[in-house]
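Asks: The following block contains the structure, expressed as structure tokens.
The values are calculated or read from the model by the stated rules, or taken from the named source; none is laboratory data. In this text the structure is predicted, and so the values were computed from the model without any measurement. Quick reminder, even Gly has a Cβ in these numbers, built from the backbone with ideal geometry, and neighbours come from all protein chains shown. Calculation scope for accessible area: heavy atoms of the full protein, side chains included, ligands and nucleic acids excluded. Shrake-Rupley method; radii C 1.70, N 1.55, O 1.52, S 1.80 Å.
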Amino acid sequence: MNKKNVLTVKNLNKIYSKKGSSRIEALINLNLEVKRGEIFGLLGPNGAGKSTFINILGGTVIKTNGEVNVWGFNLDKNPRQVRASIGIVPQEVNIDPFFSPKNLLELQAGLYGIKKKDRITNSILNLVSLEKQANSYSRSLSGGMKRRLLIAKAMVHQPPIIILDEPTAGVDVDLRQTLWENVRSLNNQGVTVILTTHYLEEAEKMCDRIGILNNGQLVALDTTKNLLGRIKRKIVNFSTDKKVNMNNDSLESLKIISNEENLFSISYEKNKINIDTVISTLKEQNIKIYDISTDDGDLEDVFLRLTKN
Ligand code: ADP
Ligand code: MG
């Protein structure tokens, strides 16, 4: 298998069609690759096709056509090996309320045919910080704990890839933090992570690379850094005591918006200029900076631009 890619998708299509209702093209010629060890984020508005994609990998949705390879296994030829290589945390929480986390993980291990001596139930519970709740009824767990239990369940067979569909939907803000820490520690242990979310800020913080899906089509696929670099330029306004001696040629990508007695406004590309450079230049000119305000673009800008019709 390709050493770097753990997931390769070529011209993947999914059309939902039911008798008497119209066809829905949920995925249109999707092409993407996920690299070993990365955290890959699939972003997109509701109905974009994210869950469809994940459920194709999980085997609960049958693709219309296209090629999917996971961990070197072809989905059509080796569906069982594909399933063994991934752990899926579904969008919907469905846990039997009368099972304890420990029972649930043991049951799941049984389903995967893992021998008692090879099970790692306790260490998985530790990983998702549920060791204290190991023997409580699942129904007594909070929303965040249930999500973490689903992550634990997906890890029972120690897959090299874990896939999380909207992991923080319905999870309290303070509990999201723990969840992300769990995901990170998994990733630090070498697990490749694929997640979907529509919380852009989280994707920005968590993901190495991001694909943006809109109406079944991939409209962007790049490193988070590059995507952020693509957004509208960063704008910085300095309140100063005198006029600044700089022009558009002073630094690469610099554009001076206004240069007056008390106001110096610039825009520039974030990945070309570091604000420190501008500040030092001002200091060299003995200019006092009274105040700085910035207008920082974020992923939402890219997202809105790419997903508006
Ligand atoms: P997302 O997870 O990005 O919100 P989905 O993959 O759930 O998007 O849905 C993509 C499109 O496919 C939507 O238009 C949705 O209504 C449709 N869809 C999803 N599941 C089914 C299904 N089982 N039958 C028919 N249409 C479906
Ligand atoms: Mg979904």
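Asks: Sort through Lys242, Lys288, Lys270 and tell me the only one that's open to solvent by 60 Å² or more (accessible area, probe 1.4 Å) and touching an Asp or Glu at 6+ places or on another chain (Cβ under 6 Å).
Replies: Details: Lys242 fails: touching an Asp or Glu at 6+ places or on another chain (Cβ under 6 Å); Lys270 fails: touching an Asp or Glu at 6+ places or on another chain (Cβ under 6 Å).
Just a single option satisfies the conditions, and that option is Lys288.
Asks: Would segment 205-216 turn up any residue that is free of Cβ contacts under 8 Å to residues at least 40 places away in the same chain and farther than 22 Å from Tyr290 by Cα?
Replies: Within segment 205-216, the first condition is being free of Cβ contacts under 8 Å to residues at least 40 places away in the same chain, and the residues that meet it are 205.
Adding the requirement that they be farther than 22 Å from Tyr290 by Cα leaves 205.
There is at least one residue in segment 205-216 that is free of Cβ contacts under 8 Å to residues at least 40 places away in the same chain and farther than 22 Å from Tyr290 by Cα.
Asks: Still on this model: Could you please find all residues in segment 97-143 being among the acidic types (Asp, Glu) and surrounded by fewer than 12 Cβ atoms within 10 Å (Cβ to Cβ)?
Replies: To start, the set of residues in segment 97-143 that are among the acidic types (Asp, Glu) comprises 106, 118, 131.
Passing the criteria: only Asp118.
Asks: Could I ask something else about it? Which residues, counting only those in segment 104-113, are under 30 Å from the mean Cα position of the chain (by Cα) and either within 19 Å of Pro160 (Cβ to Cβ) or without any contact (Cβ under 8 Å) to a residue 40 or more places away in the chain (or both)? I'd like the intermediate steps shown before the answer.
Replies: Taking segment 104-113 as the starting set, the residues that turn out to be under 30 Å from the mean Cα position of the chain (by Cα) are 104-109, 111-112.
Residues satisfying the conditions are Leu105, Glu106, Leu107, Gln108, Ala109, Leu111, Tyr112.
Asks: Please determine whether any residue of segment 259-276 is among the basic types (Lys, Arg) and at pLDDT below 90. Steps first, please.
Replies: From segment 259-276, those among the basic types (Lys, Arg) are 270, 272; that's our starting set.
With the extra rule that they be at pLDDT below 90, the set shrinks to 270, 272.
The answer is yes; a qualifying residue exists.
Asks: Residue by residue through segment 20-44, note down the ones that are part of a loop (DSSP other than H, G, I, E, B), within 12 Å of ligand 1 (Cβ to nearest atom) and either open to solvent by 70 Å² or more (accessible area, probe 1.4 Å) or in contact with a helix residue (DSSP H, G or I) (Cβ under 6 Å, 6 or more places away or on another chain) (or both). Walk me through it before giving the result.
Replies: Residues of segment 20-44 part of a loop (DSSP other than H, G, I, E, B): 20-23, 36-38, 44.
This time we only want the ones that are within 12 Å of ligand 1 (Cβ to nearest atom), so: 21-23, 44.
Listed by number, the residues that qualify are Ser22, Arg23, Gly44.
Asks: Filter segment 199-216 down to residues that are closer than 19 Å to Leu30 by Cα and within 16 Å of ligand 2 (Cβ to nearest atom) and give me whichever is surrounded by the fewest Cβ atoms within 10 Å (Cβ to Cβ). Walk me through how you get there before you give the answer.
Replies: From segment 199-216, those closer than 19 Å to Leu30 by Cα are 209-216; that's our starting set.
Adding the requirement that they be within 16 Å of ligand 2 (Cβ to nearest atom) leaves 211-216.
Details: Gly211: 26, Ile212: 25, Leu213: 28, Asn214: 19, Asn215: 16, Gly216: 22.
The residue in question is Asn215.
Asks: Picking from Val82, Val70, Val93, Val61, which residue would you name as being open to solvent by less than 60 Å² (accessible area, probe 1.4 Å), in contact (Cβ under 8 Å) with a residue 60 or more places away in the chain and not hydroxyl-bearing (Ser, Thr, Tyr)?
Replies: On the way: Val82 fails: in contact (Cβ under 8 Å) with a residue 60 or more places away in the chain; Val93 fails: open to solvent by less than 60 Å² (accessible area, probe 1.4 Å); Val61 fails: in contact (Cβ under 8 Å) with a residue 60 or more places away in the chain.
So the residue among Val82, Val70, Val93, Val61 that is open to solvent by less than 60 Å² (accessible area, probe 1.4 Å), in contact (Cβ under 8 Å) with a residue 60 or more places away in the chain and not hydroxyl-bearing (Ser, Thr, Tyr) is Val70.
Asks: Given Phe40, Phe53, which one is out of contact with any Lys or Arg (no Cβ under 7 Å at 6 or more places or on another chain) and either more than 16 Å from ligand 2 (Cβ to nearest atom) or at pLDDT 95 or above (or both)? Outline the logic, then answer.
Replies: Values: Phe40 fails: out of contact with any Lys or Arg (no Cβ under 7 Å at 6 or more places or on another chain).
The conditions single out Phe53.
Asks: Taking segment 144-182, which residues are open to solvent by 40 Å² or more (accessible area, probe 1.4 Å) and within 16 Å of ligand 1 (Cβ to nearest atom)?
Replies: Gly170
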